[in-house]
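*Asks:* The structure under discussion is supplied below as structure tokens; questions concerning it will follow.
Please treat every number below as a calculation from the coordinates, not as lab data. What you see is a predicted model; the values in this text were computed from it and never measured. Cβ placement follows ideal geometry from the backbone for every residue including glycine, while neighbour counts extend to all protein chains displayed.
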Amino acid sequence: MQTKTAIIIGAGDRGGSAYAPYAEKYPNELKIVGVVEPKEERRNRLVSLHQIPEENTFYTWQDMFKRNKRIADIAIITTMDQEHYEPTKKALELGYHVLLEKPMSPDPTECIEMERLSQKYNRQFTICHVLRYTDFWSSIRKVIQAGTIGEVASIQLNENVGYMHMSHSFVRGNWRNKEQASPMILQKSCHDMDIINYVMGKKCMRVSSYGSLMHFKEENAPPNAADRCLDGCPVALDCPFHAGRYYLSKAGRGWARKFAKDDTNEAIITALNETNYGRCVFKLDNDVVDHQVVNMEFEDGATATFSMCGFTRDTTRTVQIMGTKGEIRGNMMDNRISIFDFLTKEETVIHFAKTDSGHDGGDEKIMRSFLADIDHKGKRESVSSAKESLWSHLMAFAAEESRLHHGKSIELDEYYHSFLSENVVN
């Protein structure tokens, strides 16, 4: 594999900590030669780690594209959801291969246009559905494709968000407000719509959905609750979401590093007094749902049900896949799957090795696969190409549309065609 160069557009948790480290581990395969990041500390960290020259260091992606020429082979785009479309469009036009963090965009029309642009400019365009690259999900798909459990009749997938992950990311954090980011079913759970598509291997025809923001809203705040957890809140000892008690604990310091200067008590307390992460979970501008269910019907009558809930002990996904000859059950936290044969009544359990890479190895494997796909010069489609990802995004958009209309069933072919217009690239 010839060494490829990349620029990181958005050096936060995903760009800076999930994908860029591939270049440190495999410098013969990838070299980071540029960074775009408005936060000085993050920008300087990548500059130092990868010896990025000053002329390739930018505050905004607009600054970088003013040059109107490529400075690398690849653009790794991990900006906030609302800022995916414009830099992706410009990167594809300039000839970059693009690795784009999910979701593609909060706008269905932009998703459709980006996919068409990648075809127009013949660029590798991969969406970071990293679950597809894990041993857990790729093995499940192979078992199904081999016919081991017969025809899939139904899939039940639960996303257990975890009560602290919910409060950190979707109540206090960057993805709390759908206007600033995107709806929960798209931002968090387009992974799940995608993985259901991936293992089912059939076209989803229609969806319906219910869900709401039930708990994290002002009318549920305890009497006399403080605006900030460290302001002497009278219910501090009774609230499971108390910021000080969590982020200053051993379990919470890893999360605290995402918003504090470091994980010392002083730095965390300072950040809790200055950022949303120290505010009462009932007194923010969050509006994304804290629980949602989606029903899906596929082209041969197979069905799937999905449940996302923020009120769970663990942060994991559990799945049950029911076939005509057998059943698969799995829990990502256990990192194993169980396959049961109806005829022999034998159970086969497959354990997967633990890995240091994020998402059970998916973060590293998507990078390796993406680089190899580029070498095939358009003759091999990515496991999570924009073409593959587009339909699962539409499923998520349609699910949100259904939720907002009291569970109305949405026909996906009609829904897709409603976004086609002269404004979409031909």
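*Asks:* Hey, can you rank 36-47, 145-156 by average C-beta count inside 10 Å, highest first?
*Replies:* On the way: 36-47: 17.4, 145-156: 15.5.
Ranked by mean Cβ neighbours within 10 Å, highest first: 36-47, 145-156.
*Asks:* Modelling each spin label as a point 7 Å along the Cα-to-Cβ direction, I'd like the residue 377/residue 177 distance in nm, to one decimal.
*Replies:* With each label placed 7 Å out from Cα toward Cβ, I get 4.9 nm.
*Asks:* May I ask for the distance between the Cα centers of the range 180-200 and the range 1-26, given as a whole number of Å?
*Replies:* For the range 180-200 versus the range 1-26, the Cα centre distance is 24 Å.
*Asks:* Sticking with this structure for a sec: For the chain, what is the mean residue ellipticity at 222 nm derived from helices alone (per DSSP H run of n ≥ 4: -39500 (n - 2.57); sum divided by total residues; nearest 500 deg cm²/dmol)?
*Replies:* -8500 deg cm²/dmol
*Asks:* Then there is this: Shape of the chain from its Cα gyration tensor (a ≥ b ≥ c, root eigenvalues): rounded if a/c is under 1.5, otherwise prolate when a/b > b/c, or oblate?
*Replies:* rounded
*Asks:* Then there is this: Mind putting a number on the dipole of the range 218-278 about its Cα centre? Charges go on the C-beta only, +1 for Lys and Arg and -1 for Asp and Glu, and I need it in Debye to the nearest 20.
*Replies:* In total the dipole reaches around 380 debye.
*Asks:* Another question about this same structure. Only four residue types carry charge here, +1 at the Cβ of Lys and Arg and -1 at the Cβ of Asp and Glu. Report the dipole size of the chain about the Cα centre in Debye, rounded to the nearest 20.
*Replies:* 860
*Asks:* Cα extents of the range 218-278 along the three principal axes, largest first, in whole Å?
*Replies:* Reported extents, whole Å, longest axis first: 33, 21, 17.
*Asks:* Could you pull out every one of the aspartates and glutamates with an alpha carbon less than 15 Å from that of residue 90, ignoring same-chain neighbours closer than 8 positions?
*Replies:* 63, 73, 110, 113, 115
*Asks:* Rounding to the nearest 20 debye, state how big the charge dipole of the range 245-382 is about its Cα centre with +1 on each Lys and Arg Cβ and -1 on each Asp and Glu Cβ.
*Replies:* Around 460 debye, computed over the range 245-382.
*Asks:* With springs connecting C-alpha atoms under 10 Å apart, model the chain as a Gaussian network and identify which of 270, 303, 315 has the largest mean-square fluctuation.
*Replies:* It is 270.
*Asks:* Which listed residue (339, 124, 386) has the Cα farthest towards the positive end of the charge dipole for the chain, taking +1 on Lys and Arg C-beta and -1 on Asp and Glu C-beta about the Cα centre?
*Replies:* After comparing all options, I get 124.
*Asks:* Here's another thing I want to ask about it. Starting from 0.36 nm per residue, how many nanometres of slack lie between residue 66 and residue 285 once their C-alpha separation is accounted for?
*Replies:* Extending this stretch completely gives an extra 75.3 nm.
*Asks:* Right, something else. Which residue, chosen from 198, 312, 91, occupies the Cα position most advanced towards the positive end of the dipole of the chain, where the dipole is computed from +1 (Lys, Arg) and -1 (Asp, Glu) charges on Cβ about the Cα centre?
*Replies:* After comparing all options, I get 91.
*Asks:* Turning to a different aspect of this structure: Okay, which of the range 119-152 sit inside 18 Å, backbone N to the point 7 Å along the Cα-Cβ direction of residue 303?
*Replies:* 151-152
*Asks:* Measure off 7 Å from each Cα along the Cα-to-Cβ vector at residue 354 and residue 5, then give the distance between these two points in nanometres to one decimal.
*Replies:* The two pseudo-label positions are separated by 4.0 nm.
*Asks:* Springs between alpha-carbon atoms under 10 Å, Gaussian network over the chain: tell me which of 232, 407, 326 tops the mean-square fluctuations.
*Replies:* Answer for the Gaussian network model of the chain: 232.
*Asks:* Follow-up. Let's test the formula: R0 of 41 Å, r as the Cβ-Cβ distance of residue 142 and residue 267. What FRET efficiency results, to the nearest 0.05?
*Replies:* After rounding to 0.05, the efficiency reads 0.35.
*Asks:* List the aspartates and glutamates whose Cα lies under 18 Å from the Cα of residue 283, skipping any in the same chain that are fewer than 8 positions away.
*Replies:* 179, 218, 219, 227, 231, 238, 274
*Asks:* Between residue 416 and residue 202, what is the FRET efficiency for a Förster distance of 25 Å, r being their Cβ-Cβ separation, to the nearest 0.05?
*Replies:* 0.95
*Asks:* Using 0.36 nm per residue, how much length does the chain from residue 219 to residue 154 gain when fully extended, once their Cα-Cα distance is taken away? Present the calculation step by step, with values, prior to reporting the outcome.
*Replies:* Details: separation 65, 0.36 × 65 = 23.40 nm, distance 3.85 nm.
Taking residue 219 through residue 154 to full extension adds about 19.5 nm, to one decimal.
*Asks:* Still on this structure: For the pair residue 249/residue 55, report the inter-label distance in nm, with labels modelled 7 Å from Cα in the Cβ direction.
*Replies:* For the pair residue 249/residue 55, the computed spacing is 5.2 nm.
*Asks:* Using a cut-off of 16 Å between alpha-carbon atoms, which aspartates and glutamates can reach residue 325, once sequence neighbours fewer than 8 places away in the same chain are excluded?
*Replies:* The reachable aspartates and glutamates, counting only those whose Cα sits under 16 Å from residue 325, are 151, 341, 346, 347.
*Asks:* Among the listed pairs 203/387; 188/377; 120/377; 142/202, which are separated by more than 20 Å between their Cα atoms? Before the final figure, lay out each step's value.
*Replies:* On the way: 203/387 13 Å; 188/377 32 Å; 120/377 14 Å; 142/202 14 Å.
Listed pairs above 20 Å: 188/377.
*Asks:* I would also like to ask the following. Please report how far the C-alpha centroid of the range 50-120 lies from that of the range 257-310, rounded to the nearest whole angstrom.
*Replies:* 26
*Asks:* Looking only at the chain, where both bridge partners belong to it, what percent of the DSSP beta bridges are antiparallel (to the nearest 5)? Spell out each step's value before the answer.
*Replies:* Numbers: 43 of 69 bridges.
In the chain, DSSP labels about 60 percent of beta bridges as antiparallel.
*Asks:* Test of understanding: ordering 357, 209 by Cβ neighbours within 10 Å, fewest first, what list do you get? Don't jump to the answer; show the numbers that get you there.
*Replies:* Numbers: 357 19, 209 27.
Listing 357, 209 from fewest to most nearby Cβ atoms yields 357, 209.
*Asks:* Quick one: what are the phi-derived ³J(HN,Hα) couplings along the range 60-73, Karplus 6.51/-1.76/1.60 with θ = phi - 60°, whole Hz, x for glycine and proline?
*Replies:* Ordered by residue, 3J(HN,Hα) equals 10, 5, 5, 4, 5, 6, 4, 5, 6, 8, 6, 10, 7, 7 Hz.
*Asks:* Using a Gaussian network for the chain with springs between C-alpha atoms less than 10 Å apart, which of these wobbles most: 124, 320, 51?
*Replies:* Among 124, 320, 51, the largest GNM mean-square fluctuation belongs to 51.
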